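S.K.: Here it is: the structure, laid out below.
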Amino acid sequence: MLTFLLMSFLICMILTIIAIPKIIDIAFKKQLFDVPDYRKVHTGQIPRLGGVTFLPGIMIAVLVVFGVLAEAGLAGNLAADSPEIMFCAAGALFLYMTGVTDDLVGLSYRIKFPVQIISAVLLCIPGLWIDNFNGVLGIHNIPALIGIPFSVVLVVLIINAINLIDGIDGLASGLCIMGITVFTVLFVKVGLAGYAILGAAALGALLPFYIYNVYGTSEKQTKIFMGDAGSLTMGFIMAAFTIKAATFADHSAIPVDERDYYFVYAFAILLVPVLDVVRLFVHRILHRRSPFTPDRCHIHHKFMAVGMSIGRARHTIIGISLGLFILNIILINYIDINILLAADILLWTLMHVFISRKISFLKKQDVASARMYRE
């Protein structure tokens, strides 16, 4: 298994390393840049087509490894996963095409949102949907009539969570690297070979991009953003992995008393981006604005408003995400899943209250300083 995972990772990584400089060259020749505005923290001419390299590299790597497994007579290891991965690939391709179009000419959320829903439905067709809440709100098994719509909403939520948190260098890609690593390790542990190979390929696409995105510079023309092609694709893969990790225990030999662990394992790694997008949507709706209206209320904007640099904000947010994941995995062995969920929401709320008060205090200081200067 490890040999095939390494093969998938290396194929995609090499393709990405070759492709990204070419994409940057094309972007500069065609003047395809992410234009700075009041919401964005970057300056200079930076291409936003990094995500164009993701899905082609991933699909080539996965198909080659699947082919090698078939030639070696080991395709039986993929039989259970193949239908789900095929529909996952179809949904990802649909989103990828939409993302590329948005990165090149721009698309309204009125177009992107229905595409996200259709892709989520494709994921549910082979049976990849939440059919058990594992005791959350006292609910266990749920019928398809509830489970499928809930799963569609969940997939769309995760896609938008990754898409919207992609606001500073390395944040979305860093969270995805961490999340996909966690899922890939889990899939190896439980023998889901197809999903593990897909996860290894996704990491092969993300790691080279992360280096260009974080350590590249606009002056040397080595910096690139992932754009919607990348964030929508990776958000969808993360959503598929989440649902698979949350549900496979119900259809395997894993003891009932261990299933809560895997359910929390699936969702805990995504707490930061998901809670942030929920907070944003609620905030915008309460202020009578469309939940898709862009603003500067994201978690990274708030950390930067209290004086953090881009790098420190990125490390802090990824650290919080990792910390919450570890805390949840430890505590689920000792406390009820509902108490754990309530504690997560409470901690998240208290953190935002603290940050908001700090921002308000700093603004008052700035006003006082400006008044003293005028006088």
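S.K.: Taking Cα centroids, how far is segment 120-185 from segment 297-338 in Å?
M.R.: Segment 120-185 and segment 297-338 have Cα centres separated by 18 Å.
S.K.: Run through all the Cα pairs of segment 135-192 and give the fraction in each 10 Å bin from 0, expressed as whole percent.
M.R.: Answer for segment 135-192: a P(r) of 18, 30, 40, 12, 0 percent.
S.K.: For segment 164-260, what is the accessible area per residue in Å² when the probe is 1.4 Å?
M.R.: 29
S.K.: Let me ask something else about it. Over segment 49-185, what percent of the accessible surface lies on carbon and sulfur atoms, probe 1.4 Å?
M.R.: 75
S.K.: While we're looking at this one, here's another question. When you count, for each residue, the other Cβ atoms within 10 Å and take the mean per peptide, how do 130-143, 182-195 rank with the highest first?
M.R.: Highest to lowest by the protection proxy: 182-195, 130-143.
S.K.: Average the reciprocal distances over every distinct pair of alpha-carbons in segment 126-278, invert the result, and give the Kirkwood radius in Å.
M.R.: Every distinct Cα pair counted, the radius reaches 16.3 Å.
S.K.: So, one more: So if each residue of separation counts as 0.36 nm, and I subtract the Cα-Cα distance between PHE150 and ASP295, what length gain in nm does that give?
M.R.: Fully extending the segment from PHE150 to ASP295 adds 49.5 nm.
S.K.: Compute the normalised compactness of segment 46-161: alpha-carbon radius of gyration over 2.2 N^0.38 Å, N being the residue count. Numbers along the way, then the final one.
M.R.: Numbers: Rg = 17.1 Å, N = 116, 2.2 N^0.38 = 13.4 Å.
Rg over 2.2 N^0.38 Å, computed on Cα atoms: 1.27.
S.K.: Be a star and scan segment 303-324 for residues whose amide nitrogen sits under 18 Å from the point 7 Å along the Cα-to-Cβ vector of MET178.
M.R.: Within reach of a label on MET178, which here means backbone N under 18 Å from a point 7 Å along Cα→Cβ, segment 303-324 contributes 303-304, 308-324.
S.K.: Between THR222 and ILE18, 0.36 nm times their residue separation minus their Cα-Cα distance comes to what?
M.R.: 72.1 nm
S.K.: Here's another thing I want to ask about it. Under DSSP H, which helices of the chain have Cα atoms covering 18 Å or more of the helix axis and a Kyte-Doolittle average no less than 1.6? Each step should come with its number before you reach the end.
M.R.: Details: long enough: 2-30 (41 Å, 1.87); 54-71 (26 Å, 2.36); 82-105 (34 Å, 1.05); 109-124 (22 Å, 1.31); 144-164 (29 Å, 2.43); 171-190 (29 Å, 2.10); 193-215 (33 Å, 1.33); 227-247 (30 Å, 0.94); 271-286 (22 Å, 1.64); 310-331 (31 Å, 1.50); 337-374 (56 Å, 0.59).
For the chain, where a helix must reach 18 Å along its axis and average at least 1.6, the hits are 2-30, 54-71, 144-164, 171-190, 271-286.
S.K.: Here are some pairs, LYS30/LYS112; LYS29/LYS112; LYS112/LYS189; LYS112/LYS302; which of them have Cα atoms lying more than 31 Å apart in this structure?
M.R.: LYS112/LYS189
S.K.: Among 3-10, 225-232, how do they line up by average Cβ neighbours within 10 Å per residue, starting with the highest?
M.R.: Result, highest mean first: 225-232, 3-10.
S.K.: Report the dimensions of the chain along its three principal axes from the alpha-carbon atoms, largest first, rounded to Å.
M.R.: Each principal axis gives a Cα extent; for the chain these are 81, 54, 35 Å.
S.K.: Along the Cα-to-C-beta direction of ALA70, a point sits 7 Å from the Cα; which residues of segment 85-111 have their amide N less than 18 Å from that point?
M.R.: 85-90
The values are calculated or read from the model by the stated rules, or taken from the named source; none is laboratory data. Note that the structure is a prediction, hence the values are computed from the model and not measured. Backbone-built Cβ (ideal geometry, glycine too); neighbour counts: all protein chains shown. Side chains included, ligands, DNA and RNA excluded: accessible areas come from the protein's heavy atoms. Shrake-Rupley method; radii C 1.70, N 1.55, O 1.52, S 1.80 Å.
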